[in-house]
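Taking it in order: structure first as structure tokens, then the write-up.
Each reported figure results from applying straightforward, stated rules to the coordinates on display, with no laboratory input. Note that this is a predicted model, so its numbers are computed, not measured. Methodologically, a virtual Cβ is constructed for each residue, glycine included, from the backbone with ideal geometry; neighbour enumeration extends over all protein chains shown.
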Amino acid sequence: MPIFLLLLSLFVAVPLLELALLIEVGGRIGALPTIGLCLLTAAIGGLLVRSQGGQVVATLKRQLDLGRLPVEEAFHGICILVAGVLLLTPGFVTDAIGFALLVPPLRRLLYDALRRRMEARILRAEEYPMGPEPPVIDVDYEEIEGGDPPRGRGWGPR
């Protein structure tokens, strides 16, 4: 599925799912407790994002000070940033995904899976730099002996 269709599907499906879930929860426990629950998850999520974000930034700085490229730390930082956005978005589905991104072992699994996928792509690109088969260029040419080279674009002095 092209990425555009996937994103379009997510932008349509997630809000509809959130709305249905909020209506269902609100019907069972009431509107005010549902709103309170949304605010509570946002507050707890915000505290966790702040705490973990600070830890990742400190680790990132240490890696830079040691002269290392902090790729994994940057990935964790991006996950925490996305988690923060999801936790501030009202709804239970986005909260669940946001809280999942705050679990370090899950982030590590995501990082390892992404790293393996990128390494495989790089290895394929090195094995077949121009695709599976090198391109065939069919050219006719004629050798001209003596005389000046032709003048025009890209030939000789201007």
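Structural remarks
- Note on region 58-109: residues that are small (Gly, Ala, Ser) and surrounded by fewer than 16 Cβ atoms within 10 Å (Cβ to Cβ) amount to 5.
- Enumeration of residues in region 61-104 that are within 20 Å of residue 16 (Cβ to Cβ) and under 16 Å from the mean Cα position of the chain (by Cα): 85, 86, 97, 98
- Pairs with Cβ under 8 Å, 6+ apart, first in region 19-33 and over 13 Å from residue 93 (Cα atoms), second of a type in the set (Ser, Thr, Tyr) and part of a helix (DSSP H, G or I): 26/34
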